[in-house]
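Just so it is clear, none of the values below were taken in a lab; they were calculated from the coordinates. Every value quoted in this text rests on a predicted model; they were computed, and no experiment measured them. Every residue, glycine among them, receives a Cβ derived from its backbone with ideal geometry; neighbour counts consider all protein chains shown.
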Amino acid sequence: MAAATDAIARRLSWWMYPGAGLGAVGVFFLLPDDGTGQAVVYLLVALSSAAALAAGAHIHLPPGRRLAWHMLSAGMLLTAGALGVATYYIVNGTTEPNPSLGDFLYLASYPFFFVGIWKLVQRLGSVQSRLAALDAAILTTAFATVQWVFVMVPLTGKGYGNFELAILLAYPVMDLLLVAPLARSVVTAAWRNQSYRLLLGAVVLLLLGDEIYAFTSSTYNLGSWLNGVYLLSYIAFGASALTPSMKELTLSEVEIQPRLGWPRIVTLGAALLAAPAILVIQTARDETVEAYVIAVGGAVASLLVLARAVLLVRAMDSLRVDEREARRLAEAAQLQLAEQNAQLKELDALKDEFVGLVSHELRTPLTSISGYVELLDDPETGPLNGDQREFLAIIDRNAGRLRTLVDDLLFVARLEAGRLDLRLADVDLAELVSHAVDSARPRAARRGVALRVDATRPAVVRGDADRLAQLLDNLVSNALKFTLRDGSVEARLDLQDGHARIRVADSGIGIAEDELGHLFERFYRASTAINQQVPGTGLGLYICKAIAEAHGGSIEVESEVDGGTTFQVELPLARGS
């Protein structure tokens, strides 16, 4: 809630500036024409724009990235200086000379605007950069040609003095300084950035005002609607720096695509058609055709397009070379990967073969050990004292543990080889659950664990009785192994939706939540079991899952540390059950 409130507050605080600026524009046109009030409002808007440009840079950017915005702020300060000169003459009731110091200050602002915009859009040292620079050059050439024919040439024929004419011609010349970086920024992919759109709009309005001023300078006055265009430009400059998106505005990091998309084709096409369009317009107006200007402008634009095409072809050739090299490397990597996979499969097969061989070899001596323990414990062999019988019991118990481990290893080896054979028949799970619990009762009694069973309703499934019994024995044995003295273990069988559900729950040491996903992996042991030094191999649950899934069922687990564990096995009932 607090974050949302802060976001709304930031948005409202940013909108305050353009809102106040638009209000100032309204006040400007409500005041008397050519009066002191209009001059003061005009000056204040320009000063506020310069302040907003500097403030936005300090608010949103680190010191090393503020130069471009500081240059824009300096350009706006010079503009405000020019307006200050005009305000001085208005306040004193005198006529401002033409040209005046204000013109020089205004023209001096353009190099600062140029550097600021250029710093934002510069990209050096890449094919994409050269393509962008050529696109900008094509657009600038077209603009310069139009500017020369329709703005500068007409100015020379209006009877201005040399010095006055030079000042008037300086305005469209300075506009070219802004068009060059502006044209380069147009071909970037930064349109989604609000700050960029405001900055672009500010420059376009400034250029539009200058072009109109060049035509109407003789009839220009302070209250003219043209000043509304300039005021909107100043407000857009300031707003572009204050919007929070300006901190994401780094046009030097924006990708400039080498391909010719439709927007770029239309823009470049319009630039190329500028020269013939000028020729058609001048002919239709029965004006003197500026043949040399049109020819030079068209030729330069055509050469630039040719250079762009050459660069684009070279870029495509380079991409093809890179693509062939990448394909070669990919094929080599694929071949190496295939060889490594083959080696891994061979090693895996050797490992399974080794495990199977060792397991088979171990079963024979283990069977012999168990047999001789039985013979030694037989009364006919000879009397044994208490210690001897205890020793034999230890030997038999450990031989049994080794035999179980060997059986598990052999089972896993068969699973990995895809040789899990099931002898299917109708099996009553209620009997298997009860038998598994009854078999574990002596062990539960020795450990002081209460063992309960609830499996009274028959639940017939189609399966292998031995494998299902192995699954249940593993679950019950695990529950007892991880349950401390005075704890409890319960095995429960339910029927639901055509499935038999077996739940084995204990009140033992539990398992951490982040380890539950690994519990059914081969040789995985939970950290609680390791910390409690509970013996095991990590194969029991892997085998349980394999048996459950081989019967078309599933196994799930729920647990928490020191909160017990519950395993649930779900198996489909046999048809007709």
Below 8 Å between Cα atoms, with a sequence gap of 6+, how large is the relative contact order for segment 425-572 in percent?
24 percent
Those chymotrypsin sites (Phe, Trp or Tyr not before Pro) in segment 465-535 that DSSP places in a loop and that have at most 10 other beta carbons within 10 Å
Phe523
Could you tally the net charge around Ser109, taking each other residue with its Cβ under 15 Å from the Cβ of Ser109, Lys/Arg +1 and Asp/Glu -1?
-3
Summed over the other residues with a beta carbon less than 13 angstrom from that of Ile502, with K and R at +1 and D and E at -1, the charge totals -4
